[in-house]
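S.K.: Sending over a structure as structure tokens; questions will come in a sec.
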């Protein structure tokens, strides 16, 4: 990530179903993402109702702001955390889906580095002029 520029984040959590048996009867549990709780690792947090999308899918240029982007102001190593809260429904013996009160949380982290990007004007291609400024 580049300090001062929007970094776009996308949660990979999706709705999923787990089938099994309970007291010798078939049971199905359906988990649906309800909220995406980001801890940016810089002291700030945000909660979103959508997972986010790639710049290309949003038809935006790279480093454009998105609904799930974040701008880091300090360079260095950070740990970014994501907790997805899932709503839960259960179906017993192939019956109707019953909503379970509350949510189930699943958390993960990723280590990242925020760097400083600098623009340098050069007098030519660095391959042709390897001793030029910025090469």
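FYI, it's all coordinate maths here, none of it is from the lab. Quick caveat, the model's predicted, so the values are computed rather than measured. FYI the Cβ positions are ideal-geometry reconstructions off the backbone, even for glycines, and counts take in every protein chain you see.
S.K.: Does the range 22-41 include one or more residues that are surrounded by 11 or more Cβ atoms within 10 Å (Cβ to Cβ), in contact with a strand residue (DSSP E or B) (Cβ under 8 Å, 6 or more places away or on another chain), touching a residue at least 24 places away in the same chain (Cβ under 8 Å) and not in a strand (DSSP E or B)?
M.R.: Scanning the range 22-41, I find at least one residue that is surrounded by 11 or more Cβ atoms within 10 Å (Cβ to Cβ), in contact with a strand residue (DSSP E or B) (Cβ under 8 Å, 6 or more places away or on another chain), touching a residue at least 24 places away in the same chain (Cβ under 8 Å) and not in a strand (DSSP E or B), so the answer is yes.
S.K.: Of the residues that make up the range 7-18, is at least one more than 23 Å from residue 115 (Cα to Cα), touching a residue at least 12 places away in the same chain (Cβ under 8 Å) and either surrounded by 15 or more Cβ atoms within 10 Å (Cβ to Cβ) or touching a helix residue (DSSP H, G or I) at 6+ places or on another chain (Cβ under 9 Å) (or both)?
M.R.: Going through the range 7-18, the residues more than 23 Å from residue 115 (Cα to Cα) turn out to be 12-18.
Next, only the ones that are touching a residue at least 12 places away in the same chain (Cβ under 8 Å) stay: 12-18.
Restricting the remaining residues to those that are either surrounded by 15 or more Cβ atoms within 10 Å (Cβ to Cβ) or touching a helix residue (DSSP H, G or I) at 6+ places or on another chain (Cβ under 9 Å) (or both) gives 13.
Yes, that holds for at least one residue.
S.K.: Further question on the same structure: Which is in a loop (DSSP other than H, G, I, E, B) and surrounded by fewer than 12 Cβ atoms within 10 Å (Cβ to Cβ), of 130, 51? Steps first, answer last, please.
M.R.: Details: 51 fails: surrounded by fewer than 12 Cβ atoms within 10 Å (Cβ to Cβ).
None of the others qualify; the one that does is 130.
S.K.: Let me ask another. Please verify whether the range 70-93 includes one or more residues that are part of a loop (DSSP other than H, G, I, E, B), under 16 Å from the mean Cα position of the chain (by Cα) and either free of Cβ contacts under 8 Å to residues at least 24 places away in the same chain or within 18 Å of residue 6 (Cα to Cα) (or both).
M.R.: First, the residues of the range 70-93 that are part of a loop (DSSP other than H, G, I, E, B): 72-75, 93.
Imposing the further condition that a residue be under 16 Å from the mean Cα position of the chain (by Cα) reduces the set to 72.
Okay, now just the ones that are also either free of Cβ contacts under 8 Å to residues at least 24 places away in the same chain or within 18 Å of residue 6 (Cα to Cα) (or both), so 72.
Among the residues of the range 70-93, at least one is part of a loop (DSSP other than H, G, I, E, B), under 16 Å from the mean Cα position of the chain (by Cα) and either free of Cβ contacts under 8 Å to residues at least 24 places away in the same chain or within 18 Å of residue 6 (Cα to Cα) (or both), which makes the answer yes.
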